[in-house]
Amino acid sequence: MATMIIEGERVEAASGRTYEVHNPATGEVVDSVPDGGPEDVERAARAAAEAQKTWGRLSAGERRQILHRAAAHMLGKVDEIAEMLTKEQGKTILESRIEARRFGENIAWYGDLADKIHGDYVNLPDPQSFGLVLRRPIGVTGAIVPWNFPLTLAANKIAPSIAAGNCVVLKPASTTPLSTLRCVEALIEGGLPEGVVNVVLGHRAGEAIVTNPIIGKVALTGSTPTGKQVMAQAAPYLKKVTLELGGSDPCIVLDDANLEAAAKAISTGRFFNCGQACLAIKRLYVQEGVYDRLLELLVERARKLKPGNGLDPASRMGPMHSETQRAEVEAQVQDALERGARVVYGGGRPQGPEYERGWFLNPTILVDVPQDSRMLTEEVFGPALPVVRIKDLDQGLELANRSSFGLGSSIWTSSMRSAHRAVLELEAGYTWVNALQVAHDELPFGGTKESGFGKEHGIEAFLQYTEQKSVVYGLVD
Ligand code: NAD
């Protein structure tokens, strides 16, 4: 049985309760894990606070070196960790390797930043005094992570936090704890001091992190309803929150776009990770002149996405993560069909004995999807793409912005004028112009509207794990 990592020990839940983690491709039990709760979170928060007294006092250069060594050690275990990620999450082994590598790279990236951030020296009106602006760590921070990218989304929170001198209480999603435990274990083997990152598991642990007074900031990636609950739970403590929530990213393709490049990026943008990505092309708006041709190209690409067990190197798309998720996407597609949409590719579940025990779904492309259908008003967290015909950029922008979400967005055009207008007018935290929707370490990432607030990635995320303090020195003898 796997155990939690608290205070340098490998522990079971205080309650003694456990639950099983299942493989979404086969239904088999992968492992049992502790079902932790508030007592375990309290212990982890105290351990983090104790560890922070030492970790926060190291020089930034020492933290940089430790994080580099720990990341290098973890990166030596990518294959083993990736296999575990595929078993518990379902994604293909190729996707898991990319994700496991991103975990280590992210720790190293913020390690590099640890000794590059500095405060300010400020002249004050009285020449006998001067001011400083310091950046101090917050202390203990909480990280609550979903199941779709368990490792990258954990690293996005742990890396800037510990690089800035904080210690962390981390809670993976209940269904994907195992690869996260291995990543943290690998960091510790590589020299990260015990107690700097504590991992608590269990269905009740998330709320306990948000309401634990020792934890000064919580970063959540999850759905919009969960984000709203977390914000309300954090309010009585005036706790800082970063909320990376749901999205329904629009993509606009104009007549003057490079269609081959657009089709490739849209296909990856929609079907990567079996469509279970926050940053995913979830609504496609195509100008009339290229509508038919782009559809052909997208269908050609979807044909190549053979669903299968992620451990089989021939699989191009794993199963969905859970039965509930699959049922949700099926219901959204059904709703669109009942309102007059048509399937131009896919639909339904793949058939055959190898698919019987997993949550498989075919990649699906729909047209004539009405504006009020669930596929265009809700987040579609699975491999189904609604395609909408538009007259021009005006209509594309109007429809793209007709959403409560504001996470990512993209446009394909060869006109600088059209591209720049979209950059200015699309209501989203990120706009890609003629580029694949990938979140870069270097750029701040985060949503607007009901996709949340606060940033991950970039220097901005590091700064959000610090607090500014103004200091005045008077020159008296
Ligand atoms: P979820 O909201 O159900 O759960 C996310 C995490 O929050 C889990 O660890 C869960 O246990 C925990 N949680 C749930 N309720 C809680 C509460 N009241 N207090 C504290 N913790 C709580 O999300 P999910 O189904 O695991 O993930 C899919 C969702 O995440 C989608 O909406 C997706 O768009 C979103 N997501 C967003 C981003 C982003 O960066 N914006 C990235 C990936 C996924």
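Tabulated data for the structure shown
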| quantity | calculated |
| --- | --- |
| Residues of the stretch 302-347 classified as over 28 Å from ASP372 (Cα atoms) and outside any loop (DSSP other than H, G, I, E, B), total | 3 |
| Single residue of LEU220, LEU201, LEU170, LEU151 found to be buried (at least 24 other Cβ atoms within 10 Å of the Cβ) and near the ligand (Cβ under 9 Å from one of its atoms) | LEU220 |
| Conditions (1) more than 16 Å from the ligand (Cβ to nearest atom); (2) assigned by TED's automatic domain parsing to the domain that holds GLU379; (3) of a type outside the set (Phe, Trp, Tyr); number of the one not met by LEU463 | (2) |
| Odd one out for PHE462, checked against (1) surrounded by 23 or more Cβ atoms within 10 Å (Cβ to Cβ); (2) among the aromatic types (Phe, Trp, Tyr); (3) in contact with a helix residue (DSSP H, G or I) (Cβ under 6 Å, 6 or more places away or on another chain) | (1) |
| Residues (outside any loop (DSSP other than H, G, I, E, B) and under 21 Å from GLY452 (Cα atoms)) located in the stretch 369-396 | ARG374, MET375, LEU376, THR377 |
| Options LEU443, LEU436, LEU475: the member that is more than 23 Å from GLY247 (Cβ to Cβ) and more than 10 Å from the ligand (Cβ to nearest atom) | LEU475 |
| Number of the condition not met by VAL343 [criteria: (1) within 29 Å of the chain's Cα centre (by Cα); (2) over 30 Å from GLU425 (Cα atoms); (3) among the hydrophobic types (A, V, I, L, M, F, W, C)] | (1) |
| Matching entry among GLY458, GLY408, GLY396 (being under 30 Å from ILE138 (Cα atoms) and touching a residue at least 24 places away in the same chain (Cβ under 8 Å)) | GLY408 |
| Qualifying residue in the stretch 285-300 (condition: within 25 Å of the chain's Cα centre (by Cα) and either more than 16 Å from the ligand (Cβ to nearest atom) or outside any loop (DSSP other than H, G, I, E, B) (or both)) | yes |
| Residues being part of a loop (DSSP other than H, G, I, E, B) and surrounded by 15 or more Cβ atoms within 10 Å (Cβ to Cβ) - total across the stretch 416-435 | 7 |
| Check on PRO386, under 16 Å from TYR285 (Cα atoms) and crowded, with 24+ Cβ neighbours inside 10 Å | yes |
| Given (1) within 16 Å of the ligand (Cβ to nearest atom); (2) in the same structural domain as THR268 (by TED's automatic domain parsing); (3) buried (at least 23 other Cβ atoms within 10 Å of the Cβ), index of the condition ILE411 fails | (1) |
| Residue match in the stretch 99-110 (condition: within 16 Å of the ligand (Cβ to nearest atom), basic (Lys, Arg) and within 20 Å of ALA186 (Cα to Cα)) | yes |
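The values are calculated or read from the model by the stated rules, or taken from the named source; none is laboratory data. If you're wondering where the values come from, they're calculated on a predicted model, not measured in any experiment. Neighbour counts run over all protein chains shown; Cβ positions are idealised from the backbone, glycine included.
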